Amino acid sequence: MDSYIQVISFLLSFIYGILFYLFTRFNNYILENKHKFFRFLVTLVFIVDIVILYVYLMYKINNGNFHIYFSIVVVLGFMCMHKFYDRLKVFCKKYVNIIKNK
């Protein structure tokens, strides 16, 4: 695997971690008032789908080469989004209000 494909894989993994955080928050928001067994079942299917999609994307980009540091970059993207989510929410609300008022 050459360095160009590795950089693309790192970038995709980081963005995937960010999207994984956002989808997880959305999943929790939808399921917050549901029965415990239903929440467990839907969350299990959600996690399995997310993992299968990630492995498929990595297979298409890397031709089947998967390294542990790609998973570490996904976790870093998840943690960065967790840390900066409130700031991003305030930033987005500010600009949505500006666009609404025009």
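The values are calculated or read from the model by the stated rules, or taken from the named source; none is laboratory data. Remember, it's a predicted structure, so these values are computed and weren't measured experimentally. Cβ: placed from backbone, ideal geometry, glycine included. Neighbour counts: every protein chain shown. SASA here: full protein model, heavy atoms, side chains in, ligands and nucleic acids out. Shrake-Rupley method; radii C 1.70, N 1.55, O 1.52, S 1.80 Å.
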Going toward the positive end of the dipole of the chain, with +1 on Lys and Arg Cβ and -1 on Asp and Glu Cβ, which of Phe37, Ile15, Asn97 do you reach last?
Asn97
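Residue separation times 0.36 nm, minus the C-alpha to C-alpha distance between Ile99 and Asn63: what's the value?
Working: separation 36, 0.36 × 36 = 12.96 nm, distance 4.32 nm.
This chain segment gains 8.6 nm when fully extended.
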Average Cα contact separation per residue, the chain, under 8 Å, 6 or more apart, as relative contact order %:
50
Charges only on Cβ, +1 for Lys and Arg, -1 for Asp and Glu: so what's the dipole of the chain about the Cα centre, in debye to the nearest 20?
680
What accessible area per residue comes out for the chain, rounded to a whole number of Å², with a 1.4 Å probe?
79
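Within the accessible area of the chain, what % is carbon and sulfur when the probe is 1.4 Å and the other protein chains stay in place? Write out the running numbers ahead of the final one.
Numbers: 5660 of 8030 Å².
Carbon and sulfur together cover 70 percent of it.
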List the lysines whose Cα sits under 25 Å from the Cα of Lys83, skipping any in the same chain fewer than 8 residues away.
Lys93, Lys94
Over the chain, one equal point on each Cα, no solvent: what is log10 I(q)/I(0) by the Debye formula at q = 0.19, 0.22 Å⁻¹?
-0.98, -1.10
